[in-house]
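Quick notes on the structure that follows.
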Amino acid sequence: MSHSTEHIDNTRTVEPSNPNPNSNPRFKNWKIVFRKLKKNKSAMIGGFFILFFIIVAIIGPFLTTYAPDTQNLVNKLQTPSGEHWFGTDNFGRDIFSRIIHGTGLTLLVGFFSVLLGATIGILLGIIGGYYGGRTDSIIMRFMDILLAFPGILLALAIVTVLGGSLVNVIIAVAISSIPVFARIVRGSTLSVKKLEYIDAMKALGASDTRIIFKHIFPNITSPIIVQATLNIATAILSASGLSFLGLGAQPPTPEWGAMLSDGRNFLYNAPHVALFPGLAIVAVVLAFNMLGDGLRDAFDPKTKE
Amino acid sequence: MQKQKELLKVTDLKQHFPIKGGILGRTVNHVKAVDGVTFTVYEGETLSIVGESGCGKSTTGRAILRLDEPTSGEVEFDGNNLLAYNKKEMNKVRKDMQIIFQDPYASINPRHTVRQILTEAMEIQNSVPKSERNDRVLELMQTVGLGPHQADRMPHEFSGGQRQRIGIARALSVNPQLIIADEAVSALDVSIQAQVINLLKKLQRDFNLTYLFISHDLGVVRHISDRIIVMYLGKIVEIADKKSLFNNHMHPYTQALLSAIPSTDVEKKRERIILKGDVPSPIDPPKGCRFHTRCPFATDLCRTETPELRSADSMLDGHMAACHYMEEIKSGEHEPTVV
């Protein structure tokens with residue numbers, strides 16, 4: 001930022017603009033966020049775990065020695081051994097390969113329910129925040145109603161109505177996460193909306209859609225990313241909870257919550273049946289929470305690098 | 001001054017913001033930010049609006065552009081009543097009237113490069129054919145004193161003064177006739193202020209622009225204006241050409257306001273008029289003359305009857321003030337009632 005540029009100087013020679021894409025300032029903010037994130041140990045551990053789970057979900061199913069639903073009643077309720085790393089369940093199925101096969105399912109349920117819930121929530125929040133007035137009141141009162149129910153209870157009610165299946169679990173969990181996104185997005189929209197550059201766009205005659213999608217949304221992404229990461233953890237937990245109650249994935253799907261539910265009958269004589277799916281759920285949820293918290297700090301301009 | 005074309009005519013403009021209260025969120029009262037303002041802006045001139053914070057000067061500018069929908073009144077631009085337009089028609093005429101904002105840090109989208117900012121403005125109004133937009137961006141940047149090598153930089157790489165130039169370039173990109181400068185230089189350093197003001201003056205000459213210059217800084221206003229409006233609590237108290245306002249002001253408020261300008265002449269003794277109390281609330285403005293609560297000359301008449309804008313013998317054409325006693329105060333017949 002040279003000082004000479006402050007003067008009206010029409011005879012200035014033209015410097016070639018820097019073509020190096022790494023110096024593109026548009027990515028500068030992201031680079032700062034990433035640098036802060038790298039220094040946050042728990043966030044990095046969480047991130048690596050998530051990466052690990054994603055890799056397991058993709059290539060794991062090809063590497064397991066046992067199919068997830070091959071029954072072997074002779075070998076039922078085996079304790080962990082060299083042959084069955086996590087033991088076998090009451091049908092003699094290998095718990096290790098069932099957990100591996102269930103990883104993708106768990107991640108997809110978490111991802112899609114948040115994607116669906118966030119999309120609807122963002123739209124409602126941005127519309128409410130931008131237009132204000134009666135539109136805002138109606139949307140937000142409706143969100144308050146949704147928020148009044150505990151998330152899992154609401155999801156439970158929805159699944160009961162829709163019927164128990166994995167897709168319905170995704171829908172139910174998505175609906176219960178709508179108000180969280182709507183609130184956060186509305187708040188951010190309100191603060192961005194009153195900035196002068198929005199008025200400048202209005203003065204230029206820009207349409208509401210253009211202002212919302214080109215000028216408001218790109219400036220409120222950081223809280224959304226943080227919330228989405230944290231919400232994936234909640235969504236996975238809710239989905240497992242619903243499957244545990246028998247309302248989600250149906251047998252013999254190797255869903256972790258459903259496996260946990262199967263295992264609870266043998267808690268005394270074969271605790272490993274419930275233990276390993278339980279640990280898997282804890283690990284994934286913890287990983288997303290750790291990354292989410294780290295992201296929140298990294299996006300916060302007040303935290304130092 | 002020869003008779004000029006009326007570009008913008010504001011008649012009895014009112015902007016009352018509702019205050020919501022109670023459980024039901026009903027409107028319990030109004031903030032009367034602008035309460036009946038009438039003035040005309042002639043083509044090619046710079047008309048300034050001055051007044052202290054909260055007097056409604058910015059609100060007036062925003063209401064003219066319909067950034068906030070005014071409560072009532074008439075805004076005629078080039079002979080057409082803007083308030084009768086629907087949103088689509090309004091967006092079409094927006095290319096003729098632009099605004100420059102006060103805060104150079106909030107007035108441009110932090111995620112867009114200068115090129116994107118300027119191109120988008122042309123795209124919205126379709127003021128420049130697509131193939132020529134790139135050249136026009138560089139031309140505009142040169143016009144406001146930025147280099148073409150800075151076209152792909154982000155706002156945070158610029159200083160406040162440079163950002164303000166970007167804001168000016170954006171306003172110019174649609175070839176407007178009228179530019180409302182809402183405290184356009186107030187957030188800048190004094191040295192940068194002078195540069196931006198000189199730039200604005202140069203642009204006015206080059207492109208035959210008309211300015212409605214909103215400011216609280218009388219020094220700046222004195223430098224740039226042709227005519228000046230003084231506002232107090234949502235109403236115009238005095239309107240005059242620059243010379244008359246500074247040398248032959250009639251309203252006691254204008255006098256107090258002008259006495260606040262710092263002087264560089266140490267020898268010259270200035271008579272500083274310090275007004276007592278605060279500006280009354282625009283929710284429930286005083287009856288009669290709005291200035292009576294702080295005016296040293298106020299009488300019972302001031303407390304009951306609202307003075308209209310009027311001219312007097314000693315005043316030049318177009319010079320008007322709203323005071324019952326302006327002639328008497330000027331001649332010294334009417335002494336201050338409170339000491």
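Residue pairs whose Cβ atoms lie under 7 Å apart, separated by 6 or more positions or on different chains, with the first residue in segment B:191-202 and more than 11 Å from chain A (Cβ to nearest Cβ) and in contact (Cβ under 8 Å) with a residue 12 or more places away in the chain and the second surrounded by fewer than 19 Cβ atoms within 10 Å (Cβ to Cβ) and assigned to a helix (DSSP H, G or I), are B:ILE197/B:HIS223. Every residue in segment B:277-308 that is farther than 30 Å from B:THR27 by Cβ and not small (Gly, Ala, Ser), please. Matches in segment B:277-308: B:CYS295, B:PRO296, B:PHE297, B:THR299, B:ASP300, B:LEU301, B:CYS302.
Just one of the listed residues (B:ILE179, B:ILE168) is farther than 17 Å from B:VAL137 by Cα, crowded, with 19+ Cβ neighbours inside 10 Å and either within 11 Å of chain A (Cβ to nearest Cβ) or at pLDDT 90 or above (or both), namely B:ILE179.
When A:THR64, A:THR119, A:THR103, A:THR88 are checked against the criterion of being within 28 Å of the chain's Cα centre (by Cα) and buried (at least 18 other Cβ atoms within 10 Å of the Cβ), A:THR103 stands alone in meeting it.
For segment B:255-278, check the following and say yes or no: at least one residue is buried (at least 19 other Cβ atoms within 10 Å of the Cβ), assigned to a loop (DSSP other than H, G, I, E, B) and at pLDDT 85 or above. There is no residue in segment B:255-278 that is buried (at least 19 other Cβ atoms within 10 Å of the Cβ), assigned to a loop (DSSP other than H, G, I, E, B) and at pLDDT 85 or above. Meeting the requirement of 1 or more residues that are more than 17 Å from the chain's Cα centre (by Cα) and surrounded by 16 or more Cβ atoms within 10 Å (Cβ to Cβ), the strands (runs of 3 or more DSSP E) wholly within segment B:8-123 are B:26-42, B:72-77.
Counting only residues that are in contact (Cβ under 8 Å) with a residue 40 or more places away in the chain and over 26 Å from the mean Cα position of the chain (by Cα), segment A:194-226 holds 2 of them.
On inspection, B:ILE236 qualifies as at pLDDT 90 or above and either surrounded by 13 or more Cβ atoms within 10 Å (Cβ to Cβ) or β-branched (Val, Ile, Thr) (or both).
Each residue in segment A:250-304 was checked for being among the acidic types (Asp, Glu), in contact (Cβ under 8 Å) with a residue 12 or more places away in the chain and over 19 Å from A:GLY92 (Cα atoms), and 2 pass. A:VAL159 meets each of the listed conditions (1) out of contact with any strand residue (DSSP E or B) (no Cβ under 7 Å at 6 or more places or on another chain); (2) of a type outside the set (Gly, Ala, Ser); (3) without any contact (Cβ under 8 Å) to a residue 40 or more places away in the chain apart from (3). With surrounded by 22 or more Cβ atoms within 10 Å (Cβ to Cβ), under 19 Å from the mean Cα position of the chain (by Cα) and under 30 Å from B:ILE108 (Cβ atoms) as the only criterion, which of A:ALA155, A:ALA172, A:ALA182 stands out? Criteria check complete, one pass: A:ALA182.
The values are calculated or read from the model by the stated rules, or taken from the named source; none is laboratory data. If you're wondering where the values come from, they're calculated on a predicted model, not measured in any experiment. Cβ: placed from backbone, ideal geometry, glycine included. Neighbour counts: every protein chain shown.
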